[in-house]
Each structure stands twice: as structure tokens, then as C-alpha cells.
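A.B. asks: Let me give you the structure first, and then I'll get to my questions.
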Amino acid sequence: MRRLIASAVLTLLLAACDRTPPPAGLVEVAGATCAVPSDLRPARPYAPPVDEVAADVPVAFNMLAVSWSPQACRSGKDYPDERYQCAQNRFGLTLHGLWPNGADNRHPRYCAAPGPAIPVETVRKHFCMTPSPSLQQHEWAAHGTCGWDSPEAYFEQAAKMWDGLNKPDLEAIPANRLTAGAVRDAFVAANPGLPRDGVFIATTDGWFREARLCYSKDYRPMRCPRGLGAPDRERLKLAPRGETQTAR
């Protein structure tokens with residue numbers, strides 16, 4: 001008996017020794033390894049379009065926009081980073097942003113425009129979540145300034161929600177069964193407590209673009225107040241990983 005116990009303990013110790021951490025600069029993200037570029041730099045602040053500034057709109061609820069990175073890379077929309085995000089196009093689901101929303105069709109935006117540049121440490125810390133310095137700058141300027149005092153506070157809240165979200169494997173859905181309803185069901189199945197009517201599906205010309213998850217002002221999952229985007233029956237296409245050119 002003692003020999004059996006000693007053998008079991010030795011096996012556990014050896015297994016623990018085999019679990020080596022990723023090399024420096026690498027981060028585990030949803031089962032894949034994300035390398036943080038050593039030369040990563042923040043994007044420059046920019047002057048927002050005057051007609052998009054809405055600093056006086058009260059926040060009614062929040063949205064967590066979870067995008068399919070290959071679609072951003074193929075379309076050129078949502079500030080993809082061609083050099084880091086799209087060069088090899090190995091990212092799957094990434095965080096587009098955390099968005100304060102208004103009660104109607106007006107939403108708070110650019111509340112302290114232009115948003116100051118994000119410190120490089122913050123850009124690096126959240127690169128594997130949002131792998132584009134230009135998108136990070138946009139999200140902080142357009143949305144973060146409407147609820148947080150600093151980019152650090154904004155991205156920490158976004159990261160807390162992102163890390164707590166189980167990301168479904170959308171590539172496991174057969175192409176002939178890929179519908180808006182199937183994507184919605186995948187998010188709900190992976191996240192008990194997320195209401196089905198709390199998943200807004202955004203598309204672009206029949207391609208899956210992103211899932212926008214609705215949360216209350218205190219970040220609790222809730223139904224989306226203004227519809228769910230694409231209807232369940234709408235058939236979708238999923239942009240493949242591996243395309244190296246960003247369409248414009």
C-alpha cells in the first residue's frame with residue numbers, strides 16, 4: 001500500500017513538473033498561444049467626427065461586442081491591425097469593445113474627445129484580447145471615455161468580462177447548419193446564465209461579424225432591449241482563418 005501511495009505521489013509531482021509555462025511574451029488565449037509583439041506601440045489619438053460626438057446621452061445598459069477576427073481582416077472594418085492581427089490571421093473570437101448604450105437609438109460617444117493616447121503598457125497587456133492598437137484607441141476614445149476615468153480602468157472592466165466569458169467554438173458548427181440561431185445557441189450553451197434574447201448577432205452581407213452581448217449598468221447579463229439583429233433562420237458564412245490580405 002505504501003509503495004502504491006509513493007508511486008502515485010511521484011507521478012503527480014512529475015506531471016506538475018511537465019506543465020511548463022509558455023515562454024516569455026506568449027499568452028494562452030482560448031487554447032491557443034498569442035505572441036505579444038515586442039515592438040507594439042500605441043495608436044495616435046484622433047479627432048472624432050463631429051456628428052458622432054454624443055457626450056450628453058445617459059447610459060441605460062452595456063454591450064460586450066465579441067467579433068470574429070477573420071471577418072474584420074477580410075473586410076477591413078472595425079480597425080483591424082494589418083501587421084499584427086491580420087498578417088497571419090490566426091485569431092478567432094476577439095473583443096471589439098465594451099459599449100455603453102443609450103435607452104433609444106442615441107448612444108454616448110466621445111465623451112472626452114479626443115481620448116488621450118493609451119500607455120504602451122496597457123496596449124501590450126490587452127493585445128491578446130483586442131489585437132489592434134488602432135482599435136484599442138478607438139474603443140477608449142469612442143466608448144471608454146463615456147464611463148471610465150482612464151484607459152486602464154476601461155480595459156480592466158472589459159477584460160474582467162472577457163475573461164469571464166466562455167468562447168464557443170464557432171468553427172465546430174457545420175457550414176450547412178451555420179445560422180444566426182446556431183451562433184446564438186453556441187454562446188448561450190457555453191455561458192449558463194446568459195439569456196438567449198441577450199445575444200445580438202451582427203452580420204455583413206451574410207458573413208458573421210460579431211455577437212453583441214447585453215449587460216445591465218452593473219454588468220449583469222440581460223435581454224437586449226432593441227432586438228437581436230439577424231433572425232435565427234438567417235444562414236451565415238464564417239470567414240476562414242489564414243487569409244493574409246485585408247480587403248479594402
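The values are calculated or read from the model by the stated rules, or taken from the named source; none is laboratory data. Every value quoted in this text rests on a predicted model; they were computed, and no experiment measured them. Methodologically, a virtual Cβ is constructed for each residue, glycine included, from the backbone with ideal geometry; neighbour enumeration extends over all protein chains shown. Accessible surface is based on the protein model in full, side chains and every heavy atom, while ligands, DNA and RNA are left aside. Shrake-Rupley method; radii C 1.70, N 1.55, O 1.52, S 1.80 Å.
A.B. asks: Calculate the translational D of segment 98-199 in whole µm² s⁻¹ from Stokes-Einstein, where the hydrodynamic radius comes from the Kirkwood formula applied to all Cα pairs, the temperature is 10 °C and the viscosity 1.306 mPa s.
C.D. replies: Details: Rh = 15.5 Å.
Here the translational diffusion coefficient equals 103 µm²/s.
A.B. asks: On average over all directions, what projected area in square nanometres does segment 110-153 have, based on the convex hull of its Cα atoms? Provide the component values of the computation, followed by the final result.
C.D. replies: On the way: hull surface 10.5 nm².
Hull-based average projected area comes out at 2.6 nm².
A.B. asks: Can you spot the aspartates and glutamates whose alpha carbon is less than 12 Å from K125's alpha carbon? Ignore those fewer than 8 places along the same chain.
C.D. replies: The reachable aspartates and glutamates, counting only those whose Cα sits under 12 Å from K125, are E152, E156.
A.B. asks: Follow-up question, since we're still on this one. Beyond 19 Å, what percent of the Cα pairs of segment 134-248 remain? Walk me through the intermediate numbers first.
C.D. replies: Working: 3584 of 6555 pairs.
Summing the P(r) of segment 134-248 above 19 Å gives 55 percent of all pairs.
A.B. asks: Something else: Could you work out how far apart the two model spin labels at D149 and A175 are, taking each label as a point 7 Å from the Cα in the direction of the beta carbon, and quote it in nm?
C.D. replies: Modelled inter-label distance: 5.2 nm.
A.B. asks: Hey, can you grab everything whose amide H is under 5 Å from the amide H of R209? Only 5+ residues off in sequence or another chain; H modelled, so Pro and N-termini drop out.
C.D. replies: Counting only residues 5 or more places away or on other chains, the set is A202, T203, T204.
A.B. asks: A further question on this structure: Quick one: how many Å² of F127 are accessible to a 1.4 Å probe, rounded to 10?
C.D. replies: 0 Å²
A.B. asks: Further question: How large is log10 of I(q)/I(0) for segment 27-98 at q = 0.25 Å⁻¹ when the intensity is taken from the Debye formula with one equal scatterer per alpha-carbon?
C.D. replies: Relative scattering, expressed as log10 I(q)/I(0), comes to -1.29.
A.B. asks: Using only the alpha-carbon atoms of segment 38-178 as identical scatterers, what base-10 log of I(q)/I(0) does the Debye formula give at q = 0.08, 0.11, 0.13 Å⁻¹?
C.D. replies: -0.22, -0.41, -0.58
A.B. asks: With a point put 7 Å past each Cα toward its Cβ, work out how far R220 is from R233 in nm, to one decimal.
C.D. replies: 3.5 nm
A.B. asks: Hey, could you get me the Stokes-Einstein D for segment 180-248, Kirkwood radius over alpha-carbon pairs, 25 °C and 0.890 mPa s, rounded to whole µm² s⁻¹? Let's see the in-between values first.
C.D. replies: Numbers: Rh = 13.0 Å.
In µm²/s, the coefficient rounds to 188.
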